[in-house]
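Just so you know, all these numbers are worked out from the coordinates, no wet-lab data involved. Treat the numbers as computed from the prediction; the structure is a model and nothing was measured. Reconstructed Cβ throughout: ideal geometry from the backbone, glycine too, with neighbour counts over all protein chains shown.
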Amino acid sequence: MSRIGKKAIEIPSGVTASMESGVLSVKGPKGELTMPMSDEISYEVNDNELSVKPANATKRARSYWGMQRTLVQNLITGVTEGFSKVLEISGVGYRANVQGKTLKLQLGFSHDVDFAIPEGITIKTPDQTTVEISGSDKQQVGQVAAEIRRWRKPEPYKGKGIKYRGEYIFRKEGKKK
């Protein structure tokens, strides 16, 4: 039995959930998100809660149960509150700024890195060394943050690069004489 899957998902006021032709769609104040429904899982929408149960007693259905419930919870959280990730840039001359639909990164290359901001994602730069990524789709927010971080991962000797806020960088000792 899945401990996570057993819990019913509360649908807050202002959010509507509907199921049509194998697709679960959730509408809220921050937009609309959809997710294809799995055949191994049965979904039930009641007054103000949504429950997820395995459709049969197979191992595959039981293994999908908790994950599918979490994915549905992420849809509801995304259309009500949204998700965000914060990246911190450290290094001499490393900086970022948003210009229209493009994030310009100066990361020590001979050229600037231009990152096109995808639809549904909002990127803000409160200062030159902080990048705030927000949106309603948790997977898309994490993917955009990972793509930006991939340009210059933090290195273990000086800690220069792009890291997530709160991430610990394991530091190594340099050469000894």
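Report the gain in length on full extension from Lys177 to Glu44: 0.36 nm times residue separation, minus Cα-Cα distance, nm rounded to one decimal.
Full extension from Lys177 to Glu44 adds 41.1 nm.
Residue separation times 0.36 nm, minus the C-alpha to C-alpha distance between Glu119 and Ser51: what's the value?
Additional length available on full extension: 21.4 nm.
Could you line up Trp151, Trp65 from fewest to most neighbouring Cβ atoms inside 10 Å?
On the way: Trp151 13, Trp65 22.
In increasing order of surrounding Cβ atoms, one gets Trp151, Trp65.
Return the sequence-ordered ³J(HN,Hα) values of region 13-22 in whole Hz as given by the Karplus equation 6.51 cos²θ - 1.76 cosθ + 1.60 applied to θ = phi - 60°, using x for Gly and Pro.
Along region 13-22, the couplings run 5, x, 10, 10, 10, 9, 10, 9, 6, x Hz.
Considering the Cα trace of region 1-114, what is its radius of gyration and what is Dmax, both in angstroms?
Rg then Dmax for region 1-114, in Å: 20.0, 58.
Just to check I understand the Karplus step: with θ = phi - 60° and J = 6.51 cos²θ - 1.76 cosθ + 1.60, what whole-Hz values come out for region 149-154, glycine and proline as x?
Coupling constants for region 149-154: 5, 5, 5, 7, 5, x Hz.
For Thr34 and Arg150, FRET efficiency with R0 = 25 Å and r from the beta-carbon atoms, rounded to 0.05? Mind showing how you got there, number by number?
On the way: r = 28 Å, r/R0 = 1.10.
So the FRET efficiency works out to roughly 0.35.
Quick one: if the Förster radius is 30 Å, what FRET efficiency do Glu88 and Tyr157 give, using the C-beta to C-beta distance and rounding to 0.05?
The formula returns an efficiency of 0.95 here.
Sorted from fewest to most neighbouring beta carbons within 10 Å, what does the list Asp114, Asp137, Asp47 look like?
Fewest-to-most ranking of Asp114, Asp137, Asp47: Asp47, Asp114, Asp137.
For the residue pair Thr130 and Glu167, what label-to-label distance in nm results when each label sits 7 Å from Cα along the Cα-to-beta-carbon direction?
Using points 7 Å along Cα→Cβ, the separation is 1.8 nm.
Once amide H atoms are built 1.01 Å from N in the peptide plane, which residues 5 or more positions from Ser42, or in another chain, come under 5 Å H to H?
Lys53, Ala55
For region 85-91, just list the computed ³J(HN,Hα) in residue order, Karplus coefficients 6.51, -1.76 and 1.60, θ = phi - 60°, integers in Hz, with x standing in for Gly and Pro.
Karplus-based 3J(HN,Hα) across region 85-91 equals 9, 10, 10, 10, 10, 10, x Hz.
Show the residues, 5+ positions off or on another chain, whose built amide H is closer than 5 Å to the amide H of Ile11.
Glu49, Leu50
Ser51: net charge of surrounding residues, Cβ under 10 Å, Lys/Arg +1, Asp/Glu -1, itself excluded?
Around Ser51, the charge tally is +2.
Can you tell me the 0 to 90 degree angle between the C-alpha axis of helix 59-80 and the longest principal axis of the chain, rounded to 10?
Relative to the chain, helix 59-80 is tipped by roughly 70 degrees.
Principal axis lengths of region 55-168 from Cα atoms, whole Å, largest first?
So the extents along the principal axes, rounded to whole Å, are 58, 34, 22.
Helix-derived [θ] at 222 nm for the chain: sum -39500 (n - 2.57) over DSSP H runs of at least 4, divide by residue count, nearest 500?
Calculated from helices alone, the mean residue ellipticity at 222 nm is -7000 deg cm²/dmol.
Which pairs break 24 Å Cα to Cα here: Lys124/Lys163; Lys6/Lys30; Lys124/Lys172; Lys104/Lys172? Intermediate values should be presented prior to the final figure.
Values: Lys124/Lys163 16 Å; Lys6/Lys30 27 Å; Lys124/Lys172 32 Å; Lys104/Lys172 30 Å.
The answer is Lys6/Lys30; Lys124/Lys172; Lys104/Lys172.
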